[in-house]
Structures are given as C-alpha cells and as structure tokens.
Amino acid sequence: MRKRKLISINVSEISYKEALSQIIGLASEKKSSYVCVANVHMLVEAHKDREFADIVNSADLAVTDGMPLVKSLKILYGVSQDRIAGMDLLGDILKESENSGLSVFFYGSTTEVLNLIKNRIGIDFPRLKTAGFYSPPFRNLTDKEESDVINLIRESNANIVFVGLGCPKQEQWMARMKGKINAVMIGIGGAFTMYAGLQTRAPQWMQRNGLEWFFRLLQEPKRLWKRYLTTNSYFIYLFLKYKLTKRT
C-alpha cells in the first residue's frame with residue numbers, strides 16, 4: 001500500500017473500500033496496529049512537532065479525512081484519492097463488525113457521550129459485540145492507571161478500539177499502546193460526539209466541497225474560530241510553499 005508525502009505527513013493512497021477492508025482484516029487478525037484519520041489539523045500539528053509526525057508516519061494506515069488533503073493530492077500528484085471520513089468509517093466498521101462477529105471497545109470522551117453511543121449502538125446494531133466503554137480522566141494517567149487500562153482492554157478481547165481523545169493525544173496514545181493491545185486502534189475523536197447525537201453533520205454538498213469545517217464552526221464558534229482561522233491559513237501557506245519547492 002503506497003503512501004504519498006504531503007508536507008509533513010505520509011498519507012495512504014487507498015480507496016475507501018480498500019481502507020475498510022484492511023481495517024477489518026487487521027481486526028480479524030487481532031494485530032496490534034493503529035489508524036490515523038488525517039485532516040488539516042493533524043498535518044499542521046505534525047509540521048510543528050517532529051515526534052508527532054513520526055507517530056502519524058508510523059501508522060499502519062493514515063487515511064485522508066479532510067477534503068483539503070484530498071484536493072492537495074490531486075494537485076500535487078494527479079491522484080484521485082477518496083475522502084475517508086472518520087464518521088463514515090465508524091458506521092461502516094460497526095456494520096462490518098456486527099456481520100463478522102468482531103467486538104469493539106470505545107476509549108475516550110465522557111461518560112455521557114459513551115452512554116449515548118452505547119444506546120444508539122443497541123438500536124442501530126443490536127447484534128454487535130461491544131467489548132467495553134471507558135472514559136479516562138482528563139489528565140495524564142499514572143503508570144498504574146495506564147497499566148490497568150491496558151489490562152482492561154486486553155481482557156475485553158476487543159478486535160477494534162475506537163479512540164476519542166482528540167488530536168494529537170489520541171494518536172500519541174495509540175502509538176504508545178501498539179504492541180501492548182492486540183487490536184486495531186482507530187483515532188476518530190470528532191465522530192464520538194456526532195454518533196452520540198450531540199452534533200449534527202454537515203450536509204453532503206458541504207462535505208463534497210470541503211466546507212464541513214465551516215459547518216462545525218457555525219455550531220461551535222467560540223471554541224473553533226481561532227483554531228480554524230490560524231490552522232487553515234497556515235495550511236494554505238504550507239501547501240503553497242511545498243508546491244513551489246516540491247520536485248516530482
């Protein structure tokens with residue numbers, strides 16, 4: 001599976017169908033692995049932090065969530081890359097897991113969100129095996145606490161661990177857990193609250209045109225305006241600089 005260099009990260013050149021198939025394959029094998037769902041925020045964080053870039057680049061898959069990344073690959077390499085959004089992956093992985101008898105574990109977010117997810121899964125996927133739900137404290141875990149979490153997930157026999165700690169914490173956690181948890185871990189922090197029903201997803205036309213970020217900004221202007229203003233502007237600068245200096 002080929003990866004393409006995009007400024008500070010290497011993203012997987014893979015179709016949505018192939019990505020889903022690979023994730024289910026890793027889950028079936030209970031291979032200790034992790035998947036990064038990459039967007040502009042992740043790319044900019046990786047550009048600022050070399051260690052974080054190494055974490056993303058060491059992922060078994062780094063799929064293209066954000067439309068700006070999809071369009072950038074088209075401009076730079078002529079690649080017609082699928083958008084592989086975390087919310088889409090979540091629903092399809094749950095469906096495939098139910099059909100294949102795989103079990104899932106949700107790690108992260110709040111107890112309220114996890115309870116809402118649990119209730120919705122009971123309606124959407126009544127035959128799905130749920131290995132567990134765990135909301136960690138909003139601070140760094142002690143060594144003892146982290147060891148307990150590892151044992152909890154191991155003993156749950158989960159095939160898939162959905163991780164919702166937000167970028168870059170969830171990717172750092174997954175990299176630290178590789179080799180310790182025998183499951184495929186997928187960082188999809190934003191999808192937790194959407195699946196729980198606490199946020200509404202942008203209409204399809206906004207998703208297709210790379211405007212999902214704007215829809216989220218309208219929902220949470222106080223929290224997101226500064227991040228989007230600085231991050232999106234910086235991404236445009238980085239992309240133009242990279243395009244001018246890139247050698248094919």
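Mind checking which of 173, 78, 137 is farthest towards the positive end of the chain's charge dipole, using Cβ charges of +1 (Lys, Arg) and -1 (Asp, Glu) about the Cα centre? After comparing all options, I get 78.
When the trypsin sites (Lys or Arg not before Pro) in the stretch 1-102 are filtered for DSSP coil states and for at most 16 other beta-carbon atoms within 10 Å of their beta-carbon, the remaining sites are 2, 30, 31.
Estimated purely from DSSP H runs of n ≥ 4, each contributing -39500 (n - 2.57), the mean residue ellipticity at 222 nm for the chain is -17000 deg cm²/dmol once divided by its residues.
Among the listed pairs 5/31; 3/71; 169/246; 144/169, those with a Cα-Cα distance over 27 Å are 169/246.
When the Cα gyration tensor is reduced to axis lengths a ≥ b ≥ c, the ratio a/c is 1.5 or higher for the stretch 1-146, and with a/b not above b/c it is classed as oblate. Using a cut-off of 14 Å between beta-carbons, work out the net charge of the residues near residue 240 (Lys and Arg +1, Asp and Glu -1, residue 240 not included). Result for the local shell: +4.
Anisotropy class assigned to the stretch 1-84 is oblate, per the alpha carbon gyration tensor with a/c at or over the 1.5 cut-off and a/b no larger than b/c. Taking label points 7 Å from Cα along the Cα-to-Cβ direction, residue 230 and residue 28 give a separation of 4.5 nm.
Every read-out reported here was derived from the displayed coordinates using simple, explicitly stated rules and does not represent laboratory data. A quick note: this is a predicted structure, and the numbers were derived from the prediction, not measured. Here Cβ is always computed from backbone atoms with ideal geometry, including for glycine, and neighbour counts include all displayed protein chains.
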